[in-house]
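The values are calculated or read from the model by the stated rules, or taken from the named source; none is laboratory data. Please read these numbers as outputs of a predicted model, since none were measured by experiment. For neighbour counting, all protein chains shown are included, and Cβ atoms are generated from backbone atoms with ideal geometry for every residue, glycine included. Ligands, DNA and RNA are stripped out before the accessible areas are found, and what is left, the full protein with its side chains, is counted by its heavy atoms. Shrake-Rupley method; radii C 1.70, N 1.55, O 1.52, S 1.80 Å.
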Amino acid sequence: MKFLIIGLVAGIALGFAPWWPHRTGTELYPEWHGSLAYLNEIEPTAHPALAARALPPIALGNTLVVLAATGAERSRFDLGESHAAASRDGRFLVRYEKVGKSVEYLNMAGEPFWKLRSLEYPHISPNGKLVLLLNGDQTRVRFVDNNGNEIGAKEASGRLCTQIAFAKRTDRACVAFLDGSWLVVDARGEIRASGVLPGNPPIKSAAVSDGGAFAALHYGGAKHDCVAVVRTDDKKIKVIELSSAHLTRTGLFVSDDGSVAVIDREAVLVTEGFSRRGESIRIPARRPGHARIDRSAGLYVASYTRETGEAAWLLFRPDGTVLMHRELPEESFLDCHIEDGLMLLRGSRTLQCYSVRS
């Protein structure tokens, strides 16, 4: 009887305690999947909320395809012998030739907006408002708007551009160079922040937050790599040590509160906020090559290729809690995208779409 009374009292106390921590679970629902070779055979989901949403454009050889979030095709653009950089919202593209004399800005219906005589290679922002034109020797970047006009600072130069990285949702970009110099440019072509990393190390990967408050710069040599998280308003730097030197770019993401996620060789490193310590999520050793991290609504998704050749992905929280980790032996690489409860995985052969609820 004594233990029964103690149990009842404890249960009542815990039931009325407002401070007791509570976290809901995360649910993952497959919506549709299909082969890249037979997109027209994808069976669309009946989920009505997805009909009005579009996924990022999919490049298939000389064709760009935009799918609705249901899996149904919304539009496609035949590039012929040319190449193109497409905006992430699937509305605009800049067409160019590998060895050509012009770049042309169009919408996905094929309606032209402008055409410039140029030998440069275009990079277009997520909403199509900013186009960065990189010259052939990769030492100069010009800033052009969606009307074809040079804007803001007009251009920036450095010793061999190693990456042009756009923010996830906005038209800000980070431009990084081999000499350790970097800059953040906004949708108006204005340079909002710039600097040079101490010691002039080559920058291998770059990322910028949506509001431009932070840039993340992965740098190093043949023996050791780090990530510099730069607060752009005062240039304060937080350095994250990596366990391995990376011969190529790696997956990197930074948020406006300074949170960072980066794929190391045998771990995914993630920090919550600019000043907090990070967590390390162990993964099987990855091989050099394509890797990506994306984030939405407090969830990260990362994709990479294992040293043994299988593509893999994992879904995790900013505190390092892994919600799901899967391998796809049939895929040699994997790209990932997550936005407002919808996750897309694109490999060399297949597409997979999930709803994520938490």
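Points worth noting:
- The lone exception for Ile58 - which of (1) open to solvent by 30 Å² or more (accessible area, probe 1.4 Å); (2) under 29 Å from Pro122 (Cα atoms); (3) not polar (S, T, N, Q) it fails: (1)
- Arg231 being under 21 Å from Ser303 (Cβ atoms), open to solvent by 40 Å² or more (accessible area, probe 1.4 Å) and among the charged types (D, E, K, R): no
- For the stretch 326-347, the tally of residues that are free of Cβ contacts under 8 Å to residues at least 24 places away in the same chain and open to solvent by 30 Å² or more (accessible area, probe 1.4 Å) stands at 4.
- Lone qualifier among Lys115, Lys129, Lys101 - being open to solvent by 60 Å² or more (accessible area, probe 1.4 Å), more than 30 Å from Val227 (Cβ to Cβ) and in contact (Cβ under 8 Å) with a residue 24 or more places away in the chain: Lys115
- Flag if Ala285 is open to solvent by less than 30 Å² (accessible area, probe 1.4 Å) and under 23 Å from Pro56 (Cβ atoms): no
- If the condition is being part of a loop (DSSP other than H, G, I, E, B), open to solvent by less than 40 Å² (accessible area, probe 1.4 Å) and not aliphatic (A, V, I, L, M), then the stretch 143-169 contributes Gly148, Gly158, Lys168.
- Near pairs, Cβ below 9 angstrom, 6+ apart or cross-chain, from the stretch 40-62 (in contact (Cβ under 8 Å) with a residue 12 or more places away in the chain and closer than 17 Å to Ala86 by Cβ) to any residue that is assigned to a helix (DSSP H, G or I) and of a type in the set (A, V, I, L, M): Ile58/Leu36; Ile58/Leu39; Leu60/Leu36; Leu60/Ala37; Leu60/Leu39
Listed here are the residues, each with its yes/no results for (1) surrounded by 11 or more Cβ atoms within 10 Å (Cβ to Cβ); (2) among the hydrophobic types (A, V, I, L, M, F, W, C); (3) modelled with pLDDT under 95.
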| residue | (1), (2), (3) |
| --- | --- |
| Phe3 | no, yes, yes |
| Ala10 | no, yes, yes |
| Gly15 | no, no, yes |
| Pro18 | no, no, yes |
| Pro21 | no, no, yes |
| Asn40 | no, no, yes |
| Thr45 | yes, no, yes |
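- Look at the stretch 81-98: where a residue is at positive phi and a partner is assigned to a strand (DSSP E or B), sitting 6+ places away or on another chain with Cβ atoms under 7 Å, you get Gly90/Ala54; Gly90/Val66.
- Residues being open to solvent by 40 Å² or more (accessible area, probe 1.4 Å), more than 19 Å from the chain's Cα centre (by Cα) and more than 15 Å from Pro201 (Cβ to Cβ) - total across the stretch 239-255: 1
- Selection within the stretch 63-93 - open to solvent by 30 Å² or more (accessible area, probe 1.4 Å) and in contact with a helix residue (DSSP H, G or I) (Cβ under 7 Å, 6 or more places away or on another chain): Glu73
- Taking the conditions (1) basic (Lys, Arg); (2) in a strand (DSSP E or B); (3) farther than 24 Å from Leu60 by Cβ in turn, Arg346 satisfies each one other than (3).
- Hits in the stretch 170-195 (condition: among the charged types (D, E, K, R) and part of a loop (DSSP other than H, G, I, E, B)): Asp171, Arg172, Asp179, Asp186, Arg188, Glu190
- Within the stretch 302-319, the set of residues being in a loop (DSSP other than H, G, I, E, B) and either closer than 22 Å to His246 by Cα or open to solvent by less than 20 Å² (accessible area, probe 1.4 Å) (or both) comprises Glu307, Thr308, Gly309, Glu310, Pro318.
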